[in-house]
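Single-structure report; data block below.
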Amino acid sequence: MAMLAAMGLSRETVHVTSVCARRPIAGRTPAGVETRLAEIALHHVGLVAPRGLLLLGNAASRAVLGTELTDARGHSHVIDHKSGKTNVVATFHPRFLIEKPMAKAESWK
């Protein structure tokens with residue numbers, strides 16, 4: 001919530017969704033379905049046509065940008081979809097930040 005506030009946003013003004021529609025076993029997106037989940041995620045981005053997209057975690061980065069989070073972080077990306085273009089930023093998943101509090105400073109960057 002603090003990061004949203006720092007961006008001038010609130011929970012009421014953003015749409016939150018997941019690449020995986022239900023909580024995966026062991027908390028990780030199954031590798032065997034990642035390709036299909038990526039197709040669905042990109043389809044939804046095209047339907048919603050958001051001005052911006054904040055990807056949280058490696059699964060979301062792979063699904064939407066087609067690249068690992070380590071390569072996607074620290075850069076602004078643009079994706080093309082059927083409704084236009086959307087600016088995209090990728091950062092750590094909240095679960096990772098809870099497990100590794102020292103990474104919070106990097107996430108704020």
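The values are calculated or read from the model by the stated rules, or taken from the named source; none is laboratory data. None of these values were measured; they are calculated from a predicted model. Reconstructed Cβ throughout: ideal geometry from the backbone, glycine too, with neighbour counts over all protein chains shown. Note: areas computed on protein heavy atoms with side chains; ligands, DNA, RNA excluded. Shrake-Rupley method; radii C 1.70, N 1.55, O 1.52, S 1.80 Å.
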(Q) Which one, THR70, THR35, THR13, has the greatest fluctuation when you compute a Gaussian network model over the chain with C-alpha springs under 10 angstrom? (A) THR13
(Q) Using 5 Å bins from zero, what percent of all Cα-Cα pairs in the chain falls into each bin? (A) 2, 11, 21, 25, 23, 14, 4, 0
(Q) I'd like the accessible area for ARG11: 1.4 Å probe, protein heavy atoms, all chains in place, Å² to the nearest 10. (A) 100
Q) Hey, in the GNM for the chain with a 10 angstrom Cα cutoff, which one of ALA38, ALA49, ALA59 fluctuates hardest? A) ALA49
Q: Evaluate the charge dipole of the chain about its Cα centre and quote only its size in Debye, nearest 20, assuming +1 on the Cβ of each Lys and Arg and -1 on the Cβ of each Asp and Glu.
A: 200
**Q.** Listed residues LEU65, ALA103, ALA49: farthest to the positive end of the dipole of segment 41-109 (Cβ charges)
**A.** ALA49
Q | Eligible aspartates and glutamates near LYS82 by straight Cα distance, threshold 16 Å, same-chain separation 8 or greater | A | GLU39
Q. Relative contact order, percent, of the chain when contacts are C-alpha pairs under 8 Å separated by at least 6 residues?
A. 22
